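Everything below concerns the one structure shown next.
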Amino acid sequence: MLGEAYQDLKYLLNRGYRKSYALEFIANHYRLTLGERHLLARCVFPDSWIKDVKEKLLQPEDLKGLTLAIDGFNVLITIESLLEGKAILCEDGLVRDLKHQGRYRLNERTSHVLKKVVSLLRGLDIGEAVFFYGKNVQKSGIVKALTERALEEKDLPGRVHLVKSPDFELKRFEFVATADAGIVVSARGVFDIPAELGRRMGLRPTELFNLFSRQFVP
């Protein structure tokens with residue numbers, strides 16, 4: 001069922017239909033669950049988008065000396081989803097979460113995950129890490145302080161900002177770390193922190209097509 005829905009959605013997306021309209025039609029037709037709808041919304045794209053994004057994906061060796069703008073809560077949610085086995089490698093090559101939790105919630109792993117992120121970036125010798133967090137998210141001030149502490153401990157040049165709209169700020173940078181499609185589309189280069197960190201930790205996201213019956217895989 002999900003495989004058939006995927007095929008139909010791809011057909012419509014490749015012919016220029018807006019995803020929200022196409023997905024609503026397909027999901028209603030196949031009576032998909034909320035989880036299945038979320039999966040297709042997050043991970044299925046027209047072929048033109050897939051080509052464009054894969055050309056933007058940065059490899060670790062590309063980051064030396066660059067200023068990297070980081071979508072803080074997006075990265076944290078995805079890494080924690082990866083740790084919980086709830087992350088998926090989407091069609092465009094980016095890892096995204098499937099928790100559908102909405103806003104980030106501070107937890108006992110936050111500090112540890114931030115230290116892992118900063119350590120990774122320090123090892124890649126980036127020029128500067130610029131973190132953005134939504135200031136309206138509960139306890140975002142604590143997350144900001146934890147990020148600043150991690151930057152200081154790892155001696156990584158960086159800044160941390162609490163802002164009203166992280167998306168708006170991130171779109172001003174050439175190189176970003178996010179899986180948010182609205183930001184990716186305007187970036188010159190995109191680095192997938194959760195994917196690289198997961199690779200180094202031996203954690204692999206679920207691959208999209210493994211969720212479908214083989215008979216439906218193109």
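The values are calculated or read from the model by the stated rules, or taken from the named source; none is laboratory data. Note that the structure is a prediction, hence the values are computed from the model and not measured. Every residue, glycine among them, receives a Cβ derived from its backbone with ideal geometry; neighbour counts consider all protein chains shown.
The one condition from (1) assigned to a helix (DSSP H, G or I); (2) among the hydrophobic types (A, V, I, L, M, F, W, C); (3) at pLDDT 95 or above; (4) outside the structural domain of P194 (by TED's automatic domain parsing) that L120 does not meet is (4). Listed here are the helices (runs of 4 or more DSSP H) enclosed by segment 1-92 that have at least 1 residues being under 19 Å from the mean Cα position of the chain (by Cα): 19-30, 34-43, 47-56, 72-83. Only one of the numbered conditions (1) touching a strand residue (DSSP E or B) at 6+ places or on another chain (Cβ under 6 Å); (2) among the β-branched types (V, I, T); (3) in a loop (DSSP other than H, G, I, E, B) is violated by V137, and that is (1). Tell me yes or no: at least one residue of segment 46-69 is closer than 23 Å to Y104 by Cβ, in contact with a Pro (Cβ under 8 Å, 6 or more places away or on another chain) and not assigned by TED's automatic domain parsing to the domain that holds R15. Within segment 46-69 (the criterion being closer than 23 Å to Y104 by Cβ, in contact with a Pro (Cβ under 8 Å, 6 or more places away or on another chain) and not assigned by TED's automatic domain parsing to the domain that holds R15), the answer is no, since none of the residues qualifies. Scanning segment 147-161 for residues that are part of a helix (DSSP H, G or I) and either within 17 Å of L106 (Cα to Cα) or of a type in the set (D, E) (or both) yields T147, E148, R149, A150, E152, E153.
With respect to the conditions (1) part of a loop (DSSP other than H, G, I, E, B); (2) under 25 Å from G85 (Cα atoms); (3) out of contact with any helix residue (DSSP H, G or I) (no Cβ under 7 Å at 6 or more places or on another chain), S186 lacks only one, and its number is (2).
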